[in-house]
Structure formats: structure tokens, C-alpha cells
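The values are calculated or read from the model by the stated rules, or taken from the named source; none is laboratory data. Owing to the predicted nature of the structure, the values given are computational and were not obtained by experimental measurement. Reconstructed Cβ throughout: ideal geometry from the backbone, glycine too, with neighbour counts over all protein chains shown. Note: accessible area is taken over every heavy atom of the protein model, side chains too, but ligands, DNA and RNA are not part of it. Shrake-Rupley method; radii C 1.70, N 1.55, O 1.52, S 1.80 Å.
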Amino acid sequence: MTLLAVERIKLFTTRSPWWCALITLVVTIGFAALITGTTENIEFVTVGSAEFGYTFGLAVVMVLAALAVTTEYRFGTIRTTFQAVPHRGSALLAKTVVVALLALVVGEIAGFGSWGIANLLQPEADLALNTTAEWINVAGIGPVFALAAVVAVAVGILIRHSAGAISLLLIYNLAVEGLVPLIPSVGDDIHKWMPFNVAHKFVTGDGSANGALGAEAGPPLSSSTLSPGWALAYFAGFAVIMLVIAIATAKKRDA
């Protein structure tokens with residue numbers, strides 16, 4: 001509990017988490033306002049289309065999580081942490097938990113904030129949360145943000161440099177997975193199992209949150225064949241594996 005309190009104090013006494021959290025909310029809710037507020041055909045205003053901007057917010061959350069680790073390496077405070085807590089695994093795990101909880105809260109605010117602004121701008125649209133898929137499309141953003149933050153913390157521990165970690169995370173999330181389907185013959189099969197594509201399946205499901213329009217409204221759907229529940233479990237397993245590798249690596253090398 002003490003470790004969690006220490007990591008919470010370290011995280012919230014720096015400016016970057018606050019700025020990243022604010023940018024995440026502005027980007028995610030702002031996209032919802034832009035899309036729903038400028039749509040002339042009310043049929044295209046759905047729960048799915050209101051949550052369109054979550055992928056951009058996800059990228060900012062990973063920047064937040066990576067900075068939470070790499071800034072400690074940059075300024076050398078990680079050495080003080082490891083001197084105070086010789087068991088490095090406990091210290092890094094506490095930091096991961098604190099960052100993941102922050103990402104979870106930011107994700108829930110972003111999800112329900114996007115849904116709320118869509119209701120405010122298009123009160124006549126069918127934005128009621130009547131099905132499990134619609135609830136997951138809104139409330140599921142928080143767990144995905146939290147697990148993505150765990151992945152980003154792991155990458156930050158492995159890379160230890162802010163620019164390198166952030167570049168790798170953004171390039172992978174925004175470009176690499178999208179280019180994999182271009183690989184001849186096997187690209188589509190590989191893409192089905194890419195972690196962020198699978199996480200997207202959890203949030204968007206089979207597009208039922210877009211009403212009768214299906215894939216025609218809202219963000220493009222995931223190509224993963226997993227059910228939403230298994231998709232979340234798969235992404236969680238990926239995040240845990242990344243964190244285990246990162247902590248094991250941190251234990252073996254100099255701070």
C-alpha cells in the first residue's frame with residue numbers, strides 16, 4: 001500500500017500526466033462532438049460513431065504511461081526508487097498499477113463524455129444504451145486504456161528513453177498493425193491476432209452498437225474472429241506478458 005501511495009504521489013506531482021489526460025479527453029470527446037455535431041443524417045449518429053475518437057485518445061494514454069517510466073530514467077530518480085525498494089519488481093508493479101488505474105478513469109470519462117456530448121448535440125438520435133454491445137462500446141474504453149497503459153509502461157521499462165518508447169508505441173499502434181494486411185497471402189491472417197486489433201474487437205464487437213447501419217457507421221470494425229470477451233482476455237494476456245518481460249529485464253540490468 002505504501003508503494004502505491006508513493007507512486008501515486010510521484011505521478012501526480014508532475015505535469016505530464018495531467019496534460020496527457022486533458023489532451024486525451026479533448027481529443028476523444030472533441031471527435032465525438034465533431035462527428036455527431038456535423039452529421040446531417042441523424043441515422044449515422046449512433047453509439048459507435050460517438051465513440052469514434054477513442055483510438056486517438058488511446059495513443060495519448062500510451063504516451064502518458066510511457067512518460068511515467070521514462071522520465072524517471074531520464075532524471076535518475078529510478079535509482080533512488082530502487083535503492084529505497086531493492087525488490088525492483090514490487091516498485092515497478094506498483095507504478096504500473098497506479099498508471100493503469102489512472103488510464104482506466106480517463107478512459108471511462110472519455111467514453112461516457114463522448115456519449116454525453118453526442119446526446120447533447122443530437123438529442124433526437126438513437127443513443128440509448130439498450131444492449132450489451134452498446135454498453136461495452138462506451139464503458140469498455142476504460143479497460144482497454146488501462147491495458148494499453150500496462151503495455152506502454154512495459155515498453156518504457158524496456159526502452160528507458162522517452163523519444164524511443166513513444167515513437168515505437170505510436171508507430172506500432174497507428175501504422176504497423178494497419179500495414180500488416182498488405183503482406184501478401186498471410187497478412188490478413190496475422191492481422192487478426194495483432195493485439196490492438198483484437199482490443200478494438202472488444203470495444204466495437206460486430207458493429208451492433210452502430211444500429212441497423214452496422215459497419216457503415218462508426219469506426220472500421222476489427223478483423224479479429226474472437227468474441228468481445230475473449231478479445232479482452234487476449235489483450236490482457238498480451239499486456240501481462242509484456243510487463244513480465246519488462247520487469248524481468250529490469251531486474252537483470254543496471255538502473
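Go through 84, 65, 59 for me and flag whichever is closer than 24 Å to residue 150 by Cβ and more than 26 Å from the chain's Cα centre (by Cα). Let's see the steps before the verdict.
On the way: 65 fails: more than 26 Å from the chain's Cα centre (by Cα); 59 fails: more than 26 Å from the chain's Cα centre (by Cα).
It is 84.
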Notebook entry, point to check: Of these, 238, 202, 196, which one is at negative phi, open to solvent by 50 Å² or more (accessible area, probe 1.4 Å) and at pLDDT 90 or above?
Noted result: 238
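Okay, residues lined up against (1) touching a Leu at 6+ places or on another chain (Cβ under 9 Å); (2) of a type in the set (A, V, I, L, M):
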| position | (1), (2) |
| --- | --- |
| 92 | yes, yes |
| 97 | yes, yes |
| 117 | no, yes |
| 121 | no, yes |
| 134 | yes, no |
Checklist line | Tabulated pairs, the stretch 34-46, first more than 16 Å from residue 111 (Cβ to Cβ), second among the hydroxyl-bearing types (Ser, Thr, Tyr) and in a loop (DSSP other than H, G, I, E, B), C-beta under 8 angstrom, 6+ apart or interchain | finding: 45/39
Item checked: Residues that are assigned to a helix (DSSP H, G or I), over 12 Å from residue 196 (Cα atoms) and open to solvent by 30 Å² or more (accessible area, probe 1.4 Å), drawn from the stretch 140-161 -> 143, 158, 159
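What are the residues in the stretch 171-193 that are part of a helix (DSSP H, G or I) and crowded, with 16+ Cβ neighbours inside 10 Å, if any? Lay out the reasoning, then the answer.
Start the filter on the stretch 171-193 by keeping residues that are part of a helix (DSSP H, G or I), which leaves 171-182, 187-191.
Hits for the stretch 171-193 are 172, 173, 177, 180, 181, 191.
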Note to self: Cβ-Cβ distance below 7 Å, separation of 6 or more or different chains: which pairs start in the stretch 121-137 with a residue that is closer than 23 Å to residue 230 by Cβ and end on one that is in a loop (DSSP other than H, G, I, E, B)?
What the structure shows: 133/205; 135/129; 136/205; 137/51
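Could you grab me the full set of residues in the stretch 241-255 that are surrounded by fewer than 18 Cβ atoms within 10 Å (Cβ to Cβ), assigned to a helix (DSSP H, G or I) and small (Gly, Ala, Ser)? Working first, answer last.
At the first step, the residues of the stretch 241-255 found to be surrounded by fewer than 18 Cβ atoms within 10 Å (Cβ to Cβ) are 241, 244-245, 248-249, 251-255.
Now narrow it down to the ones that are assigned to a helix (DSSP H, G or I): 241, 244-245, 248-249, 251-252.
Of everything in the stretch 241-255, just one residue is surrounded by fewer than 18 Cβ atoms within 10 Å (Cβ to Cβ), assigned to a helix (DSSP H, G or I) and small (Gly, Ala, Ser), namely 248.
Which one of 55, 36 is open to solvent by 30 Å² or more (accessible area, probe 1.4 Å), part of a helix (DSSP H, G or I) and hydroxyl-bearing (Ser, Thr, Tyr)? Even if it seems obvious, please write down each step before you answer.
Details: 36 fails: open to solvent by 30 Å² or more (accessible area, probe 1.4 Å).
Unique residue meeting the criteria: 55.
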Note to self: Which condition from (1) modelled with pLDDT under 90; (2) buried (at least 18 other Cβ atoms within 10 Å of the Cβ) is the one that residue 75 breaks?
What the structure shows: (2)
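Scan 29, 42 and give me the residue that is under 16 Å from the mean Cα position of the chain (by Cα), over 28 Å from residue 84 (Cα atoms) and open to solvent by 40 Å² or more (accessible area, probe 1.4 Å).
Values: 42 fails: under 16 Å from the mean Cα position of the chain (by Cα).
Step by step, each of 29, 42 is checked, and only 29 is under 16 Å from the mean Cα position of the chain (by Cα), over 28 Å from residue 84 (Cα atoms) and open to solvent by 40 Å² or more (accessible area, probe 1.4 Å).
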Note to self: For the structure I just gave you, tell me whether residue 110 is crowded, with 21+ Cβ neighbours inside 10 Å and either under 30 Å from residue 10 (Cα atoms) or modelled with pLDDT of 95 or more (or both).
What the structure shows: yes
Check: What single numbered condition from (1) surrounded by fewer than 20 Cβ atoms within 10 Å (Cβ to Cβ); (2) within 30 Å of residue 164 (Cα to Cα); (3) modelled with pLDDT of 90 or more fails to hold for residue 132?
Finding: (2)
